[in-house]
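Undergrad: Input: one structure, supplied below.
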Amino acid sequence: MPAIEVVLYSGAIGLSIIGLTGLLLLNNVFRMLLALVILESGVNLLLILSGFRLAGVAPVILPEQLSNLSAIVMNDPVPQALVLTAIVIGVGVQALGLAMILRIKAQYGTLNMLKIREQLEFDLAVQSGVATPVSAHSPVSLASGRERQLSNHKDEQ
Amino acid sequence: MDNIVLLVVLPLLAAFLMPVVARSSEVVARTLGLSVLFISIGIILNVWSQSGQIDSQAVSIVIGGFLPPLGINFYVDQISLFFALAVPVMVLLFWPWHRATSIREYSLMMLLTASASGLILSGDLFNIYVFYELLGIASYSLVAIQGRVSAVAASFRYLLMGSVGSVMMLLGIAIIYTQTGTLNLAHLSLLAPEKLNNMLGLASFALILTGMGVKAELFPVNSWVPEVYGSVSSNLAALMAGLLSKLAVIVIVRLLILLFPQPEALQLMGMLGILGVLTGELVAWRSRDFVRMLSFSSIGQLGLIFLAFSIPGEMGMMAGIAIALHHMLVKPALFMLATGWRGAVENLSGVARRSPFVVLLFIVLILSLLGIPPLPGFWAKYLLMVGLSSQDGFIYTLGMIIVPLAMVIEMAYLFKIVMIMYRKDNDEPAVNNSNIVDDSNIVDDSNIKVVQKHSKWGLAIAASVAAMLIAIVLQLQPASDKLLSLANQLSDRNYYISTVFPQIHTVRMQSIK
Amino acid sequence: MRNIAGLLFAGGLAFLLLVLASYLPYGQTPMFLGDAILAHAPGEVHTANIVAAVLLAYRGIDTLGELSILFTAAAGVGLILGHRSLRSDSAGVNGAVNSEQHSGFITTRAVDLIMPLLMVVGFYIIFYGHVTPGGGFQGGVILATAFFLPVLVRPGTRIEHGVITLLEGLAGSGFILVGLWAMFYDQPFLQPIFDSFLGTGPLGSLWSAGSLPLLYLAVGLKVGSELAGLLVTVSEVPELSETNISDADDINRK
Amino acid sequence: MSVLDDLLLFTALASVAIIVLRRFAFISKFSVVVYVLATVLLIKMSALGYGGEAVYSSFTVNVLGQVLQWRFDALSWFFALITLVVALFTALFMSGAWGDKYRKEHSKEAYGLLQVALILNVLSMLVLLASGDLLSLFIGWELVSWASFMMMALNPDKVARKAAIKYIVYAMAGAMAILMAIAMTYNMTGSLDYVQVMQGMAQLNNSQIAVLVSLYAIGFGIKMGVIPFHLWQATAYAETPGAGAVFMGAISARMGLYALILVIVQIIGLTRVAAIEIPYTFLDMQNALAWVGALTTIIPTYIALKQNDARYLLAWHGVGQGGYMLLGVMIADSIGTAGGIMHVFNYATYQAALFMTVTAVIYRTGTSNFSKLGGLVTQMPLTFMVMVVSIIGLAGIPPMNGFVSKWLIYRALLLDGQPLLFVAAVIGTLGTILSVYKLVHNTFLGQLRLEHQDVREAPLSMLIPMLGLAIIIFATGVMPGVVLDWVAAAQIAIGIAPVEHNLGGIELVQGGLNMIWVTGVMFYGFAVGAIIFYFLGGKSKHIHQYDNYAGGHFLTSKVRYHYSNHFYAGLMHLIGGWYRNIFIKLEYALVSLVSFMSQLSENFYRSSQPAMLVAAIVMLALWYIMSADGSAPVLVQGLQGGMSK
């Protein structure tokens, strides 16, 4: 069955690459998180494919099969357990990322990765009391960011 | 011996129970975590004292009663026992006493402890992945809750990098599983020469290296380091730079030894190590901020460790372990000193007059970091250089040139700080650095907070580290013997396999094969 | 520049991964572990659902790890979103607005009716996890949904976190305690216990598989409470500023 | 317990004692006693100076499969003798009035730290000299570097701080070169023990030797301050606090020469070095090193000529004189090597004396700037005398000891058939003579400045060591045989035929040297001149210092007969400033390069998209791995292009 093989493998890899491309090209952090979800599901698909066996059935023993267990071809149960674990891990990461996005949005007022990075660098520089590194982007955003930063400081104190 | 498992389980139990207990009594909940740490230390010391043979003999501990490769096992040898001891000790040392925000933070610390112990002890590939992820999520959370929103932003960027990395690692594990159909490290190691000694095996190594490399501050996937260390408290930074990165390195090395015998794998790691040393030290040279400097220096040191471990043979293994252990001692101590010296290095002017003892401590630490004989750092560098020069390849020759260069650069910036510290107060205005573009970027003085007071605890840690370094100098001979035995045990594949599958189990092994 | 680099790397990676995938065996992977487990599991742990056997018995500590991951994530989310900056303005404004944003009568009543059914389904899936495809994770997610639906139809409802905290803490420690129980009998940690009281029934019946159903119950409760906690915590975040989330994606792409 | 154990242990304990007691007033006397005792211990090993067996320390360390050991041979003993004698004189010098003033101007602590730095320097040098294998050599080497750094860093001025940082960066670079070389030596010869390495060297081919020699020469050369690594030394030594500069200037940089002789001459062997041809030149490696020495005599000496500060002038000379030693050692015959090694002793004596006189001048006048000095001869005649004796030595004029060593070097160059090197050395000497005249003229001659009217002679505590050194300079000049005995023993130790000598000088078939005779003739000449002068009724007339004219103008009190600016204006115009800027620009370019690279790397770490790096490295790593595999599809193979191994 070469056809289905190609579809499955290229589907799994294509899914991961769609996710990865999204991560690389998007600027919106929320969309980046969604892209991460797609990436993870692509890899999970690949992982579960590794447990597939031609003509195999799900690894659940039905009562009527008990008599001739050895005759049944079952798929590998291990990757299924692994994928279950991996999915749950993915959920944890996504939840955490979402919470961070909410917090960032609330305080930086933006979801744009470039602006967040700029603001982050500015904050780090302010905290340590050194001048900010030269930015390729307009100084306007820095200046406005600084005002916001100062107001945040007031909030936090 | 079996209660080594408790090192992982008890912290988890404590983490789960702490929020529950805190509802009735906050104090009990807090002591719960600490007592678990003490119990962990007690367990390890007990194991150490009880079975003197741990020095020569490793042990495999079965979990769930299913013998490997079916079940998951913990592998306890000298180096994992050492790190398993280091985990609770260092967590205890860098416990966030001062910021009692929420009981959940302590809970996170306990989870960090559990995952770190699990990571170093585990003998199963996927189990390593699970603990690695747990470690990752616990550290993202811990970074993100450090108060300021900048910590959250840094942590988010860290999370993105880390989770893409771990997805890559999962991909690598999937490839390995399709090739071998097993996950136990010893079993994989048994099958590796036959099944993984090909392009797919190498590709999975590259993927796993990238994934684990995020936490191990491997060269291209370490851009989170300065952001995160710059925005978290020194305690956490010390823990992350000192302990967590080394754990990831040791796991990578273990996988490398057991699963990937190809020279290309070593070369790949060595190349990334060299680039890490070079870029880390170069950027540190430029940075004007003490903590940022330490973070980049940490990147550089981790690069050295990777380079050292990429040298085949005993010398490289010894060098790698030596540099890793040395950095594990020195970097946290430096971060502890940084608690009092946060901010621009220019502000440190005249510190030496106010606290000469602290500056002296700092000098001892950085001298060892730089590898000045006879301090322990020197012996590590010496091993590295001898190891590098014993190899022929292009990468090792390059390393031979880059490492001394990086050391000179590291010296230059560290001693620039020392000289600033010994400067007379206000004898010259702070040098405006050339980065300032226009007035809008100049930071108000009101925002600069240079706390000139160290916590006593941090100083005590730094002082004891310095004392330890000197003690090692006085005990060079036993220390080098110990290092040799550690290296031998870590690099012995067959020993690992025969420990996990002693003769009794071979029958069952046959049935699996 | 960045887009070009991104496309380059992603495209290159796609190509290389496809090349790698062409080497992967399809449908005939070596199954050392899988075969051995398939052969031993019915006899050793008496579960009809062999995935459950892998999850709870053979790789029990993995499952413990993943529970911890959920717990960590929940704790992290709680701490991040519990920050003052997100809390300060939520109390006054939200309550007023949200009472008017009440969902309609039909939805509310439907949810009230569905909720207990969902609970039952969830617990069914958990309890039969070792016999049928299903188990703690799946059931836990359904439990969380059941718990969360009322919140969804009544935005602004304040949920007492105490119950969730208690549940997640106790469920997690329950899992560990079952594992430690084995250690009392000088067995390794997480060794399944087959005892006169615990499931000694024939394979495929509910009352089989020793202590594994207990573990699955702990997993289900844990997953349910963690997810519910996560959802509730996120739902309590006050609405962010008026700017639509996608508006922020306006970076000048030149 | 051998005598070497006693010496090292005693010095180490003394260091601890001085560190503990540094704030007490008696520390200065205490340290003098320490150095006297240490010298006595050293003299107990004086058999070494006359061809005795090497003395081994009973203390060894076994680490990482290496046995670290320590031992003294004739060469070490000779260098140790110089070190301890100079340290003794320095301690004596700083124990009296100078120390009191320093203590008052700075603090008790500062003075105590100076004493600590001195004893640590001495200790580290002894450890270095005693090293018995390459690893212990490296340890000693680093200790010396850091002890010197400590001494330099004691001056809190900005210039001094910068110089110290520059020094330690250079020193680290050198140490790293040495570490590389040692690691390679270990892998090539399988050992680090001197004897075994020496045997192992025989099996190495020329390219291996070339790499080793270059690395060792760079490492040791940086400490010596040879071209092109000369930029750090002068400022660093000149800015070291007074008495410290005496010690540092006299001996510190010579540790580089010791190690160079030990490793390149003794262990590797100059015949091996000479066998290495440098492509595209007519030079072999030995000649190239000799030329480095020759250039080092010339360039720093002419830089010294331009200095306007006595300390800097002397320090630049120190760099230049190192070139003579390297040149002498690199000639490789018994006369040249003897000249090179002997020059270390001679140089140490007169450089110490010169720094002492300059320090004494600073002590009395508060400055060493030539523009603010002049005419002090009437006020400080004894200091003047010491300086004159020393500069005669420095310039290499009989009857002082500098003449003997320089004569040996010239003689060896001529006998060896190296006319170009000879000319270079002569040019260097010419520069030396010109600049020492500038020193003595602008400090002591000319007209006294008004503000120095009431300057008095240096205090006795400072005069005694100065005069003592002057006597040594003269005595060893007249009777070089005393030193030549030790030099000959050292030559035997490093495997070179000893120079044939007697008390008065050298015995040589082609024409020897007898200093007793030379001195006799000289004094005879002086006597004859004086007799003729007085016999013919010559009368000397005492003229007041201010009583002179210039260009027909009487010099008023406002315009003094004194011109330190543009002192050798014509000469300076001739040679121009071209040579100096090259090296400074080179250094600057290096720093700029590092800075540029650093900026590049920093931008890398500021990537806006964290996942980009992961994707990039995964792709590149997979590419690297798959292109290395022969079984991969053709397309991947084709991709490897630049990534080929």
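The values are calculated or read from the model by the stated rules, or taken from the named source; none is laboratory data. Since we're looking at a predicted model, the values are computed, not measured. FYI the Cβ positions are ideal-geometry reconstructions off the backbone, even for glycines, and counts take in every protein chain you see.
Undergrad: Go through (1) in contact (Cβ under 8 Å) with a residue 60 or more places away in the chain; (2) more than 8 Å from chain A (Cβ to nearest Cβ) and name the single condition C:Asn3 misses.
TA: The failed condition is (2).
Undergrad: Would you confirm whether any residue within region B:116-137 is under 28 Å from C:Gly162 (Cβ atoms) and either outside any helix (DSSP H, G or I) or more than 7 Å from chain C (Cβ to nearest Cβ) (or both)? I'd like the intermediate steps shown before the answer.
TA: Filtering region B:116-137 for residues under 28 Å from C:Gly162 (Cβ atoms) gives B:134, B:137.
Then keep just the ones that are either outside any helix (DSSP H, G or I) or more than 7 Å from chain C (Cβ to nearest Cβ) (or both); that gives none.
Checked region B:116-137: no residue is under 28 Å from C:Gly162 (Cβ atoms) and either outside any helix (DSSP H, G or I) or more than 7 Å from chain C (Cβ to nearest Cβ) (or both).
Undergrad: Sticking with this one: Output the number of the condition that D:Ile471 fails; it satisfies all remaining conditions of (1) more than 20 Å from the chain's Cα centre (by Cα); (2) over 16 Å from D:Leu382 (Cα atoms).
TA: (2)
Undergrad: While we're on this one: What pairs come up if the first residue lies in region C:158-171 and is within 11 Å of another protein chain (Cβ to nearest Cβ), the second is in a helix (DSSP H, G or I) and of a type in the set (Asp, Glu), and their beta carbons are under 8 Å apart, counting only those six or more places apart or on different chains?
TA: Taking only residues 6 or more apart or on different chains, the pairs are C:Glu168/C:Glu226.
Undergrad: Here's another thing I want to ask about it. Could you check region B:167-273 for helices (runs of 4 or more DSSP H) lying wholly inside it with 2 or more residues that are out of contact with any strand residue (DSSP E or B) (no Cβ under 9 Å at 6 or more places or on another chain), surrounded by fewer than 24 Cβ atoms within 10 Å (Cβ to Cβ) and within 14 Å of chain C (Cβ to nearest Cβ)? Before the answer, list the steps.
TA: Values: elements: B:185-195, B:199-215, B:224-231, B:234-239, B:245-259.
In region B:167-273, the matching helices (runs of 4 or more DSSP H) lie at B:185-195, B:199-215.
Undergrad: Hey, among the residues in region D:87-111 that are over 23 Å from D:Arg364 (Cβ atoms) and touching a helix residue (DSSP H, G or I) at 6+ places or on another chain (Cβ under 6 Å), which one's surrounded by the most Cβ atoms within 10 Å (Cβ to Cβ)?
TA: Ranking the qualifying residues of region D:87-111, first place goes to D:Ala87.
Undergrad: For region D:511-545, what are the residues that are free of Cβ contacts under 8 Å to residues at least 60 places away in the same chain, outside any helix (DSSP H, G or I), surrounded by 14 or more Cβ atoms within 10 Å (Cβ to Cβ) and of a type outside the set (Gly, Ala, Ser)?
TA: Listed by number, the list holds a single entry, D:Asn514.
Undergrad: Go through region B:471-499 and give me each residue that's part of a helix (DSSP H, G or I), without any contact (Cβ under 8 Å) to a residue 12 or more places away in the chain and either under 22 Å from the mean Cα position of the chain (by Cα) or closer than 23 Å to D:Asn62 by Cβ (or both). Let's see the steps before the verdict.
TA: Pass one, region B:471-499, residues part of a helix (DSSP H, G or I): B:471-474, B:476-491, B:493-499.
Checking which are without any contact (Cβ under 8 Å) to a residue 12 or more places away in the chain leaves us with B:471, B:474, B:477-478, B:481-482, B:494, B:498.
Of everything in region B:471-499, those that are part of a helix (DSSP H, G or I), without any contact (Cβ under 8 Å) to a residue 12 or more places away in the chain and either under 22 Å from the mean Cα position of the chain (by Cα) or closer than 23 Å to D:Asn62 by Cβ (or both) turn out to be B:Ala471, B:Leu474, B:Gln477, B:Pro478, B:Asp481, B:Lys482.
Undergrad: Residues to consider are D:Ile218, D:Ile227, D:Ile209; find the one that is assigned to a loop (DSSP other than H, G, I, E, B) and of a type in the set (Val, Ile, Thr).
TA: Numbers: D:Ile218 fails: assigned to a loop (DSSP other than H, G, I, E, B); D:Ile209 fails: assigned to a loop (DSSP other than H, G, I, E, B).
The unique qualifying residue is D:Ile227.
Undergrad: Here is a further query. For A:Leu69, which of the numbered conditions (1) aliphatic (A, V, I, L, M); (2) within 9 Å of chain C (Cβ to nearest Cβ); (3) within 21 Å of A:Leu8 (Cα to Cα) fails to hold?
TA: A:Leu69 satisfies every listed condition except (3).
Undergrad: Moving on. Counting just the residues of region A:40-61 that are more than 7 Å from every other protein chain (Cβ to nearest Cβ) and surrounded by fewer than 17 Cβ atoms within 10 Å (Cβ to Cβ), which one comes out nearest to B:Gly181 (Cα to Cα)?
TA: Residues of region A:40-61 more than 7 Å from every other protein chain (Cβ to nearest Cβ): A:41-42, A:44-45, A:48-49, A:55-57.
From what's left, surrounded by fewer than 17 Cβ atoms within 10 Å (Cβ to Cβ): A:55-57.
Details: A:Ala55: 18, A:Gly56: 16, A:Val57: 18 Å.
Of everything passing the filter in region A:40-61, A:Gly56 is nearest to B:Gly181 (Cα to Cα).
Undergrad: Follow-up question, since we're still on this one. With the requirement that a residue be assigned to a helix (DSSP H, G or I), in contact with a Gly (Cβ under 9 Å, 6 or more places away or on another chain) and buried (at least 16 other Cβ atoms within 10 Å of the Cβ), what does region D:33-81 give you?
TA: Matches in region D:33-81: D:Ala74, D:Trp77, D:Phe78, D:Leu81.
Undergrad: Moving on. Among the residues that make up region B:102-112, is at least one of them in a helix (DSSP H, G or I), within 14 Å of the chain's Cα centre (by Cα) and at the interface with chain C (Cβ under 10 Å from one of its Cβ atoms)? Spell out how you get there, then give the answer.
TA: Taking region B:102-112 first, the residues in a helix (DSSP H, G or I) are B:103-112.
Then keep just the ones that are within 14 Å of the chain's Cα centre (by Cα); that gives B:112.
Then drop every residue that is not at the interface with chain C (Cβ under 10 Å from one of its Cβ atoms), which leaves B:112.
Within region B:102-112, one or more residues are in a helix (DSSP H, G or I), within 14 Å of the chain's Cα centre (by Cα) and at the interface with chain C (Cβ under 10 Å from one of its Cβ atoms).
Undergrad: Find all pairs meeting these conditions: Cβ atoms under 6 angstrom apart; at least six residues apart or on different chains; first residue within region C:177-196 and within 8 Å of chain B (Cβ to nearest Cβ); second residue crowded, with 17+ Cβ neighbours inside 10 Å and polar (S, T, N, Q).
TA: C:Ala182/C:Gln191; C:Pro192/C:Ser211
Undergrad: Would you check which residues across region D:600-621 are more than 7 Å from chain B (Cβ to nearest Cβ), of a type in the set (A, V, I, L, M, F, W, C) and over 15 Å from B:Val167 (Cα atoms) and list them? Spell out how you get there, then give the answer.
TA: Step one: list which residues in region D:600-621 are more than 7 Å from chain B (Cβ to nearest Cβ), which gives D:600, D:603, D:606, D:608-609, D:612, D:615, D:619-620.
Adding the requirement that they be of a type in the set (A, V, I, L, M, F, W, C) leaves D:600, D:612, D:615, D:619-620.
Within region D:600-621, D:Leu600, D:Leu620 qualify.
Undergrad: Filter region C:20-70 down to the residues that are surrounded by fewer than 18 Cβ atoms within 10 Å (Cβ to Cβ), in a helix (DSSP H, G or I) and hydrophobic (A, V, I, L, M, F, W, C) and list them by number.
TA: C:Ala39
Undergrad: Looking at B:Gly280, B:Gly313, can you tell me which residue is surrounded by 24 or more Cβ atoms within 10 Å (Cβ to Cβ) and either modelled with pLDDT of 95 or more or within 12 Å of chain D (Cβ to nearest Cβ) (or both)? Show your work before the answer.
TA: Numbers: B:Gly313 fails: surrounded by 24 or more Cβ atoms within 10 Å (Cβ to Cβ).
Step by step, each of B:Gly280, B:Gly313 is checked, and only B:Gly280 is surrounded by 24 or more Cβ atoms within 10 Å (Cβ to Cβ) and either modelled with pLDDT of 95 or more or within 12 Å of chain D (Cβ to nearest Cβ) (or both).
Undergrad: Okay, moving on. Anything in region C:41-63 that is facing another protein chain (nearest Cβ under 7 Å) and free of Cβ contacts under 8 Å to residues at least 60 places away in the same chain? List them, or say none.
TA: Once the filter is applied, which keeps residues that are facing another protein chain (nearest Cβ under 7 Å) and free of Cβ contacts under 8 Å to residues at least 60 places away in the same chain, region C:41-63 yields C:Ile50, C:Val54, C:Tyr58, C:Arg59, C:Asp62.
Undergrad: Could I ask something else about it? Pairs please, first residue from region D:459-477 and more than 23 Å from D:Lys29 (Cα to Cα), second anywhere and among the small types (Gly, Ala, Ser) and assigned to a helix (DSSP H, G or I), Cβ atoms under 6 Å, 6+ apart in sequence or on different chains.
TA: D:Ile473/D:Gly393
Undergrad: Only one of B:Val130, B:Val149 is under 22 Å from B:Ser223 (Cα atoms) and either over 15 Å from the mean Cα position of the chain (by Cα) or of a type in the set (Lys, Arg) (or both). Can you tell me which?
TA: B:Val149
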